[in-house]
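K.L.:
Please find one structure pasted underneath; my questions will follow.
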Amino acid sequence: MYCRINLNVPVLQIFFNNDDTRPDFRLSRESLAVLLDLLCQERRHGWGATIETLVFLFWLASGESYRVVARVFGMPRSTVHRIVHRVTEEVVAIPFLKAAGAIDGCHVRIKPPSGPDGHCYRNRKLFSSIILQAVCDHQGRFIDTYVGWPGSVHDSRVLRNSPLYRRAIYPPPGHFILADGGYPCLQHPLPLITPFKRPVQGVGALRINSHHSRARSIIERAFGRMKTRFRAIFLQALEVYHTFVPQVITACAVLHNICLGAGDIMAPEDEEQDDMPEDEEGENVLEAGSGAHWRDQLSAEVSALEEGLPDHHYI
């Protein structure tokens with residue numbers, strides 16, 4: 001037997017009556033159209049791709065439990081659970097584009113898992129979290145994500161264990177990724193440029209740090225926009241088992257990219273940041289393949305290039 005969804009459910013009427021979908025689903029109609037086009041539209045069983053996608057997005061947007069979402073859509077709780085997990089997997093499977101950019105880590109609040117390993121998830125701000133490491137391009141589009149390490153782990157250790165570092169196939173030759181002082185300055189296996197340590201000595205180093213800071217801020221804005229869109233997910237502890245958190249966060253990153261491509265942009269809201277302040281431990285953690293000499297060379301090139309030129313302006 002097949003169940004029939006009640007299309008008179010208020011939240012569904014918003015979609016089918018062409019009303020604004022942002023308040024309830026956090027995506028514009030244009031972004032929803034792109035997402036539905038990217039996802040598999042054929043369902044051999046279930047409620048259909050459109051309905052299941054709306055259930056998934058409402059769950060992300062509201063941050064409510066499966067039970068509450070089930071009441072809203074008039075379907076069994078177990079069905080909502082299956083839909084959320086299935087659509088999450090499909091969204092995560094949408095590929096990222098590849099380009100050089102900026103890297104940073106973001107702490108996502110979770111409910112600490114029970115058992116002896118629960119304390120490993122407590123970070124330096126004393127709340128339980130899972131780390132999202134992400135690289136974004138100049139437009140704030142995520143091009144690589146790595147999620148799952150407990151909040152107590154240092155950024156440089158997360159980096160060292162990530163596919164981005166281990167595979168050493170990105171970025172293209174001659175390009176590098178910008179990172180804050182919590183990461184090591186590297187040339188091999190991953191070209192990673194960090195700012196000069198404080199106190200900064202020399203005009204060239206000061207210029208490099210100034211340009212570096214303004215260019216790298218794109219990753220912070222990208223995190224801010226994603227948190228604003230899915231604030232129910234990022235501004236409170238996720239109500240899911242901690243092993244499912246990486247998939248949920250990756251899905252949010254993919255949806256963030258889809259929205260940017262559709263011109264559906266939300267300005268970051270002013271909020272208390274949960275991310276850890278940058279430190280300068282990274283260079284002591286990973287010493288092999290240091291990029292310090294490369295950074296010195298870049299500093300000299302920037303100084304030579306900027307002599308007699310006006311200050312740069314960043315868009």
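K.L.:
Which condition does Ala93 not pass, out of (1) surrounded by fewer than 23 Cβ atoms within 10 Å (Cβ to Cβ); (2) closer than 24 Å to Ser28 by Cβ; (3) touching a residue at least 12 places away in the same chain (Cβ under 8 Å), if it passes all the others?
P.N.:
It fails just one condition, (3).
K.L.:
Check whether at least one residue in the range 115-123 is in the same structural domain as Ala179 (by TED's automatic domain parsing), over 23 Å from Leu39 (Cβ atoms) and crowded, with 21+ Cβ neighbours inside 10 Å, and report yes or no.
P.N.:
Yes, the conditions are met somewhere in the range 115-123.
K.L.:
Which of the numbered conditions does Gly148 fail, given that it passes all the others? Conditions: (1) farther than 18 Å from Ala237 by Cα; (2) outside any loop (DSSP other than H, G, I, E, B).
P.N.:
Here Gly148 clears every test but (1).
K.L.:
Next question. So the check is Cβ under 9 Å with 6+ separation or different chains; which pairs have a first residue in the range 145-159 that's at positive phi and a second one that's surrounded by 21 or more Cβ atoms within 10 Å (Cβ to Cβ) and charged (D, E, K, R)?
P.N.:
Once the first residue is at positive phi and sits in the range 145-159, no partner that is surrounded by 21 or more Cβ atoms within 10 Å (Cβ to Cβ) and charged (D, E, K, R) comes close enough.
K.L.:
Turning to a different aspect of this structure: Look through the range 6-33, keep the residues that are among the small types (Gly, Ala, Ser) and buried (at least 16 other Cβ atoms within 10 Å of the Cβ), and return whichever of them is nearest to the chain's Cα centre (by Cα). Break it down into steps so the answer makes sense when it comes.
P.N.:
To start, the set of residues in the range 6-33 that are among the small types (Gly, Ala, Ser) comprises 28, 31, 33.
So of that shortlist, the ones also buried (at least 16 other Cβ atoms within 10 Å of the Cβ) come out as 28, 31.
Numbers: Ser28: 19, Ser31: 18 Å.
Applying the filter and picking the extreme gives Ser31.
K.L.:
Oh, and also: What residue, of Val203, Val240, Val153, is more than 20 Å from Cys136 (Cβ to Cβ), at pLDDT below 90 and of a type in the set (Val, Ile, Thr)? Quick ask: steps written out before the conclusion?
P.N.:
Numbers: Val240 fails: at pLDDT below 90; Val153 fails: at pLDDT below 90.
Exactly one of Val203, Val240, Val153 is more than 20 Å from Cys136 (Cβ to Cβ), at pLDDT below 90 and of a type in the set (Val, Ile, Thr), namely Val203.
K.L.:
Further question on the same structure: Looking at Glu283 and the list (1) under 22 Å from Asp180 (Cα atoms); (2) modelled with pLDDT under 55; (3) in a loop (DSSP other than H, G, I, E, B), which single condition is not satisfied?
P.N.:
(3)
K.L.:
Could I ask something else about it? May I ask you to say which residue of Arg160, Arg198 is over 19 Å from Leu132 (Cα atoms) and out of contact with any strand residue (DSSP E or B) (no Cβ under 8 Å at 6 or more places or on another chain)? Show your work before the answer.
P.N.:
Numbers: Arg160 fails: over 19 Å from Leu132 (Cα atoms).
Exactly one residue qualifies, and that residue is Arg198.
K.L.:
Right, next: How many residues are of a type in the set (Gly, Ala, Ser) and in contact (Cβ under 8 Å) with a residue 60 or more places away in the chain if we restrict to the range 162-216? Break it down stepwise before answering.
P.N.:
Keep residues of the range 162-216 that are of a type in the set (Gly, Ala, Ser), which gives 162, 168, 174, 179, 181-182, 202, 204-205, 210, 213, 215.
With the extra rule that they be in contact (Cβ under 8 Å) with a residue 60 or more places away in the chain, the set shrinks to 179, 181-182, 202, 204-205, 215.
Adding up the residues that qualify gives 7.
K.L.:
Sticking with this structure for a sec: Could you run through the range 126-140 and say how many residues are touching a strand residue (DSSP E or B) at 6+ places or on another chain (Cβ under 8 Å) and surrounded by fewer than 22 Cβ atoms within 10 Å (Cβ to Cβ)?
P.N.:
Initial filter on the range 126-140 (touching a strand residue (DSSP E or B) at 6+ places or on another chain (Cβ under 8 Å)): 127-137.
Now narrow it down to the ones that are surrounded by fewer than 22 Cβ atoms within 10 Å (Cβ to Cβ): 127, 137.
Summing the residues that are touching a strand residue (DSSP E or B) at 6+ places or on another chain (Cβ under 8 Å) and surrounded by fewer than 22 Cβ atoms within 10 Å (Cβ to Cβ) in the range 126-140 gives 2.
K.L.:
Would you say Ser129 is at pLDDT 95 or above, at negative phi, within 18 Å of the chain's Cα centre (by Cα) and of a type outside the set (A, V, I, L, M, F, W, C)? Steps first, please.
P.N.:
Details: at pLDDT 95 or above: yes; at negative phi: yes; within 18 Å of the chain's Cα centre (by Cα): yes; of a type outside the set (A, V, I, L, M, F, W, C): yes.
For Ser129, the condition - at pLDDT 95 or above, at negative phi, within 18 Å of the chain's Cα centre (by Cα) and of a type outside the set (A, V, I, L, M, F, W, C) - is met.
The values are calculated or read from the model by the stated rules, or taken from the named source; none is laboratory data. Note that the coordinates shown come from a computational prediction; the quantities given were computed from them, not determined experimentally. Here the Cβ is made from the backbone with ideal geometry for all residues, glycine too, and neighbour counts use every protein chain on show.
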